[in-house]
Every structure is written in structure tokens, then in C-alpha cells.
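Comments concern the structure below.
The values are calculated or read from the model by the stated rules, or taken from the named source; none is laboratory data. Predicted, not measured: the structure shown is a model, and the values here were computed from it. Here the Cβ positions follow ideal geometry from the backbone for every residue, glycine too, while neighbour counts run over all protein chains shown.
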Amino acid sequence: MTEQAIPASPIEADMETFGALTDKEPQKPPRSQWFDVWEQFRKHKGAVFGGSFLLFITLAVIFGPFLWDLDPKALDIRNKDWRPIYHALWDTDAVERGKVGWAHPLGSDQLGRDILSQMISGGRVSMAVGWLAMVLALVIGTAVGVVSGYFKRLDFWLMRFTDLALSLPILPLTLLAVTLFRQPLNASFGPEGGMFILIVGIIGMTSWMQTARIVRGDILALKEREFILAARSIGTRSGKIIRSHLLPNVISPIMVSATLGLATAIITESALSFLGVGFPSDYPTWGKLLADAVQRMQYYPERVLLPGIAISLTVLSVNYLGDGLRDALDPRIRGR
Amino acid sequence: MLTFTLRRLILSIPTLLFISFIIFGLLQLAPGDPMAQVPLTVPPEVKQKMREALGLGAPWYVQYYKWLIQFFWVEPKIFIDYLTNTSFLFGWLPDTSFYQDELRVISWQTRSPVMDIVMQRMPQTLWVVGLSYVVGIVIAIPIGIYSAYKHYSVFDQAGTFITMVGFSIPPFFTGPLLIVIFSVYLGWLPSIYDTTHVVNDWESFKVQIFQMIMPVMVLALQTTAQISRYMRGAMLDNLNQDYVRTARAKGLREGVVVMVHVLRNSMIPVVTVIALGMPAIFGGAIITENVFKVNGIGQLLLTALFANDLPMVMTLTFIFAILIVLFNLIADVLYGLLDPRIRYD
């Protein structure tokens, strides 16, 4: 008892307790939420690789035609069936016949069209279809989800409609719609534009349902929180509540389903081209290149491999990106 | 549970009607003309008569009503007659003759009943798709269990990577890739699925196995990737639960804890995912059948589409829709049966 130091005055005792509460180290600068998300995202190696590869592919197909300006549709029948440049290492036969060289680094096809420029312009179409269809699906899905989560009166009917749309057979219906509506759209927008609108529209209209369900669930939970009550009590209108209070809070599930949507859209477009109902035959996309090369794949396997690898790597990187985003945007995982 | 199942069954009728109406509407809006293949020398008035003979002159609601009657009333009668008269399973029942020569859904390509062709094609699809699904599940579940149990181990990392790759590579790339490797370079497996092949002895059975390996594996890769991810996630959720600690604390062996306690609880979501994935695998079979030239219903749908054979397309797409609705229902019912916490009443 006596060993214990007795504080001289009550003020000193207060100072001591207060001192225990103050920080020993200097305060860290405040961190924003997105900075935390980025920190967590950086830890996921696959996601960083995926994101970089997606960025690389997107930049390559946008700026590729300026760097490699051969026309992908130009026929050059004398220089047909070139092999890719790496064949120069062992394929003496191809070298003797002059079928390998830097003029066509990835070779040329049976009509002498350069495969590198075909890959670039094909990737352009595939990525454009993927991004646009994904954005369309997100817009529809978010709209349906927000409206049915926020307005109780519409909820029942919109969700029944979503359930119905979920039980539609997507691939058969897509095939159906593409074969049936090809001609009228081609007549009004040209063979390429018509097909582009058709494919983007169909993929967008058949893949919004998951987003709608996720967004609706989140909105239903958010709607009951105090900050929405506060916003409503100061007289904020529904449109303003949705735009500035609800939408920013559901951005993370939307971003995750965006990556899934991009992957599905790229695969669906390629599958349609592969089945022969996609873009017209002189208009390269990755799926189209792959499908055209299948007949001669025992002689020229690289023509199947190159577009196939491009599709698979892009989809793989998008999927990894989605995985990383899911982890980074989940506050329960973040910071661990 | 029974009332729930019955209610879902009754609710699925308007769903199916709505889907059939959407498909029908799409086909009605379509500009294709079934007379496009008829020679130009045929005079227009004869063409008009041919069109009317196909039932195209009638207004759309009459056409839709007739299709509904044919699909939901006439075809089931024929199916029941077949079951009780000739089939192996119910042949012992007294013979029925419900079918009274009503008009059936007729294909415009072959002028024969659509359902007869579908029944001819169905076994090939069911064999390839069904077997691939079984193979996929059998591979996926042990992978999922082990990689969740050894979380962050080398096996888990490799397994996650491989399932991600399997998830991302589309079947129209794996198919040709396998053909190039195993049929062209190695010459081990045939690249085309021969449906006329009859299995009657050991040798022909081996041929059948060999020709089934590649299509089955291509489809199974997709299934494996998806289901092992779900399995791993479900196991991870359960392995940290308190009841696992209790089971270990009372001295149960590790094998019993993981394979009985945890596995049974983790199987609940996985079983529903398995049921829900079934229709999607039928859709994926369209591409695989096209790659390996299996003449199943997916390939039938493609040829019918290109030939503008609308009754066939309508019926096949609707069969896919029935599969989806049916398996959604099965998944819901299974979920209720397996998980005692779920009460639908």
C-alpha cells in the first residue's frame, strides 16, 4: 500500500489517465476508402496480373492498328500460308520456300491476309462487343435492381419478371434471335454495324438478371439504414436519394458483376462466331478466326491457338480481376 | 414440403406458358420464309397454297393455340401410349391408345413429327452430357474438399489456378485443342463421335469409350471448375464453425470430422448448384456437339435454325426452357429437404 505513489493533486491524476489515452506515435494521415481498396487489391497477385493484362490487351487493340498498319482484309494470294516467325528456328522447309519472315510475324492465312493485323482488329471487335454488352447489362440490371428494391409497389412484378428472364434458355434464344434478325438489321445498318448492334443488344438483354438481383438485395438492406431516414427527413426526393446515397453504396457489387459480365460477353460473342451465326465472314473477330481455322488445324495449328489463347487469356485475366475486386471491396476481408 | 412442391409446380405452368409465348413471338417476328428453298419455277399461287398447308395462313393466335394443344395434349398422349405399349420400364401396364391420329408438331425439313426426331437424338446428348456431368462432379468434389482442408497449401493454390483456367477456357477452344493433340498428333482418339456404332462386345465397348473421352472431358472441365470452386467455398465456410471445434474436442477422428460433419453441411449449397447447373450444361452441349459432330439435340437445333425449320426450333428451345424450369424447381425442393433450417411453409 505504502509503496504506491500517491498523486499529489487530483489534477495530476487526471493528466495521467488522459496521458494513457493520447497516441504515443504521430498521427497517420487520413486514408480514403479507395486507398484501402487499392492496398488490398495490390496484395492479390492474380488480380494485379489480370488487371494489367486486360489493360495491355485493351491498349493493344486500340493502338495496334497505328503501330501495325497492314490492312487485315487485304488479300495477297502470292504470300498465303506464311508460318509464324518462331518457325524460323526449326522449320527449314518453310524458310526455303520463303514462308517465314518479319513481313508477317504471326503468318498469313489461306488468302494471304496478315494474321497479326487480323488478331488486332478481331480483338478490337471482341473487346468492343464485350465492354458495350457489359455496360448495357449493368445499366439494365442496376436500373431494375434499384427500382424494385426502392419502390415496394414495383418489387413483386419486377422480380417475377427477373425470375422469368432467368429461366429463359439463353444460348438457344441468342442463336435464334441472331439468325432471325440478322437480315433486317443488316439492311438498315450495313452487315457489320447491324451485326454489332444485334450481338451487343442480345448479350446485354440476356445477362442483366444476376446484377438486378444482387443490387435489389443490397438496396433493400440499405433502405432501412439511418442515413436514408435522415436524408428523407430533410425532404430529399427519391431520385436524389437513389443517385447520391444509394448508388454509391452499391458500387462494389456492381463492379464485381461487371467483370463477370465482361467475361461472359466475350465468350458468348466468340461462341456465336464459332457456331457460324456471328459477324460476316470477311470481318474478323477472335471467335471467327478460330472457327475459320478449325478446318485446317492439322496443318496450321497456330491459327487455332492464337485466337484461342487470346480469348482464354483475356477471360482468365478478367476473372482474376473480378476475384481480386471482390476481396478488395469486401470490408470484412480488407485490412487482414 | 409437399404443399410447397405442389405450389411451385403449379406456378411453373404460367412461367412455361410465358416462355413459350416469348419464343413463339420471336419466331413470328422473324422475316425468314420457309418457302425460300422451293424452286423459282413454282408459281406464286401454288406457293401460297403450300404455305397454307403448313398452317401459315392462319392468324398468330390460332397458330399459337394449335402448337400449345399439339405440344401439351397430343404429344403426351403419344408418349403415354409408347410407355405402356412398348417401353421396357412400364410395358407391363395395360396397353393404352389415347392417340387418335391428331395432327402432331411436324418438322418442315423432314415432314415427320418433331418429337420422333428429338427422341432419336436424345440418347446421344444424354449419354455425353450426363456422363460428363457425373465425371465432372466426381472429380470436383474431392478437389474442393482437399483444397479447403489444406487452405493456402500448394495443392490449394494449384487447384484454384486450374479451376480458374478451366472456368475461363471456352469449350470451342478446348475441343479443337484436344482434337489437334489426341487425334491429329498422337492419333489415340477419334475426332468424330460415331453414333451408329453398336456396342455388342468388349472391342466395340472400348471403341465407344475411346470416342466418348474427348467430348465428355471437354464438358466435364467446365463442370469441374465450377463445382470445385463452390465446394471449396462451402467447406471453408463450415470448417471454422463452432460445431467443428466441438467435434474435435470430444475426440472424434479427423476423418470423421471432415468427411461426416463438415462434408454433410457443405453439400447443401453444392447440391443445389449441381441441380441448377444441369440446364446450362445442356446449353454448353450445343457447342461441344458441334465440335465433335455428335448428332444430339444441340446439333439438331443448329441445323433446324439454319434450315428455317420453325416448328422444330420452337419445340427444341421450349424443351431447353422446360429443363431449366424443372431443375430450378428441383434445386429449391432439394434445398428445403436437405437443410432443416429452411422452412417454406
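Checked against (1) under 19 Å from the mean Cα position of the chain (by Cα); (2) among the β-branched types (Val, Ile, Thr); (3) assigned to a helix (DSSP H, G or I), B:THR195 meets all criteria but (3).
Please indicate, with yes or no, whether at least one residue in region A:158-166 is away from chain B (no Cβ under 14 Å) and within 30 Å of A:LEU222 (Cα to Cα). Yes, because at least one residue in region A:158-166 is away from chain B (no Cβ under 14 Å) and within 30 Å of A:LEU222 (Cα to Cα). When we screen B:ILE287, B:ILE322 for residues that are at pLDDT 80 or above, of a type in the set (A, V, I, L, M) and surrounded by 21 or more Cβ atoms within 10 Å (Cβ to Cβ), the only hit is B:ILE287. Pick from region A:167-195 the residues that are under 25 Å from the mean Cα position of the chain (by Cα) and farther than 27 Å from A:GLN210 by Cβ: which of them is nearest to the other protein chains (Cβ to nearest Cβ)? Out of the qualifying residues, it is A:GLY194. Selection of first residues in region A:189-206 that are within 17 Å of A:GLY130 (Cβ to Cβ) and of second residues that are crowded, with 22+ Cβ neighbours inside 10 Å and among the small types (Gly, Ala, Ser), restricted to Cβ pairs under 6 Å at least 6 apart or on distinct chains, gives the following pairs, ordered by first then second residue: A:VAL200/A:ALA133; A:ILE203/A:ALA133; A:ILE203/A:ALA265; A:GLY204/A:ALA133; A:GLY204/A:ALA137.
The residue that is surrounded by the fewest Cβ atoms within 10 Å (Cβ to Cβ), among those in region B:107-153 that are touching a Leu at 6+ places or on another chain (Cβ under 8 Å) and small (Gly, Ala, Ser), is B:ALA148.
When B:LEU189, B:LEU221, B:LEU178 are checked against the criterion of being in contact with a helix residue (DSSP H, G or I) (Cβ under 6 Å, 6 or more places away or on another chain), surrounded by fewer than 19 Cβ atoms within 10 Å (Cβ to Cβ) and either small (Gly, Ala, Ser) or in contact (Cβ under 8 Å) with a residue 24 or more places away in the chain (or both), a single residue qualifies: B:LEU189. Determine whether B:LEU337 is farther than 28 Å from B:PHE173 by Cβ, within 26 Å of the chain's Cα centre (by Cα) and more than 10 Å from chain A (Cβ to nearest Cβ). Judged against the criteria, B:LEU337 is a match. Does region A:275-285 contain at least one residue that is surrounded by 22 or more Cβ atoms within 10 Å (Cβ to Cβ) and part of a helix (DSSP H, G or I)? There is no residue in region A:275-285 that is surrounded by 22 or more Cβ atoms within 10 Å (Cβ to Cβ) and part of a helix (DSSP H, G or I). The selection criterion, being over 19 Å from A:GLY308 (Cα atoms) and surrounded by fewer than 13 Cβ atoms within 10 Å (Cβ to Cβ), holds for B:ARG245. Within region A:204-252, track down each residue that is basic (Lys, Arg) and either closer than 10 Å to A:GLY149 by Cβ or part of a helix (DSSP H, G or I) (or both). Across region A:204-252, the qualifying residues are A:ARG213, A:ARG216, A:LYS223, A:ARG232, A:LYS240, A:ARG243. Only one entry of B:GLY159, B:GLY144, B:GLY130, B:GLY187 meets the criterion of being over 23 Å from the mean Cα position of the chain (by Cα), more than 14 Å from chain A (Cβ to nearest Cβ) and either closer than 25 Å to A:LEU306 by Cα or not in a loop (DSSP other than H, G, I, E, B) (or both), and that entry is B:GLY144. Against the criterion of being surrounded by fewer than 19 Cβ atoms within 10 Å (Cβ to Cβ), in a helix (DSSP H, G or I) and in contact with a Lys or Arg (Cβ under 8 Å, 6 or more places away or on another chain), B:LEU329 qualifies. Take the conditions aliphatic (A, V, I, L, M), modelled with pLDDT of 80 or more, on the phi < 0 side of the Ramachandran plot and in a helix (DSSP H, G or I) and apply them to B:ILE78. Does it pass? No: the conditions fail for B:ILE78. The residue pairs whose first member lies in region B:1-21 and is of a type in the set (D, E, K, R), whose second member is in a helix (DSSP H, G or I), and whose beta carbons are closer than 8 Å, counting only pairs six or more residues apart or on different chains, are B:ARG8/B:LEU329; B:ARG8/B:ASP332; B:ARG8/B:VAL333. For region A:92-113, indicate whether the set of residues that are surrounded by 21 or more Cβ atoms within 10 Å (Cβ to Cβ), touching an Asp or Glu at 6+ places or on another chain (Cβ under 6 Å) and assigned to a loop (DSSP other than H, G, I, E, B) is non-empty. For region A:92-113, residues surrounded by 21 or more Cβ atoms within 10 Å (Cβ to Cβ), touching an Asp or Glu at 6+ places or on another chain (Cβ under 6 Å) and assigned to a loop (DSSP other than H, G, I, E, B): present. Here B:VAL154, B:VAL135 are screened, and the one residue that is modelled with pLDDT of 85 or more, away from chain A (no Cβ under 14 Å) and closer than 26 Å to A:GLY324 by Cα is B:VAL154. Go through the residues of region B:102-110 one by one and say whether even a single one is modelled with pLDDT of 80 or more and part of a strand (DSSP E or B). For region B:102-110, residues modelled with pLDDT of 80 or more and part of a strand (DSSP E or B): absent. Scanning region B:269-303 for residues that are within 18 Å of A:SER273 (Cα to Cα) and at the interface with another protein chain (Cβ under 10 Å from one of its Cβ atoms) returns B:GLY283, B:GLY284, B:ALA285, B:ILE286, B:ILE287, B:ASN290, B:VAL291, B:GLY298, B:LEU301, B:LEU302. Regarding region A:197-208, can at least one residue be identified that is within 14 Å of chain B (Cβ to nearest Cβ) and at pLDDT below 85? No; the residues of region A:197-208 include none that is within 14 Å of chain B (Cβ to nearest Cβ) and at pLDDT below 85. Is at least one residue of region B:205-213 in contact (Cβ under 8 Å) with a residue 40 or more places away in the chain and either over 22 Å from the mean Cα position of the chain (by Cα) or within 14 Å of chain A (Cβ to nearest Cβ) (or both)? No. Scanning region A:292-323 for residues that are at the interface with another protein chain (Cβ under 7 Å from one of its Cβ atoms) and small (Gly, Ala, Ser), we see that the one that is farthest from the chain's Cα centre (by Cα) is A:GLY308. Selection of region A:298-327 for residues being part of a loop (DSSP other than H, G, I, E, B) and touching a helix residue (DSSP H, G or I) at 6+ places or on another chain (Cβ under 8 Å) yields A:GLN298, A:TYR300.
Would you check which residues across region A:223-257 are over 30 Å from A:TYR320 (Cα atoms) and among the hydrophobic types (A, V, I, L, M, F, W, C) and list them? Matches in region A:223-257: A:PHE227, A:ILE228, A:LEU229, A:ALA230, A:ALA231, A:ILE234, A:ILE241, A:ILE242.
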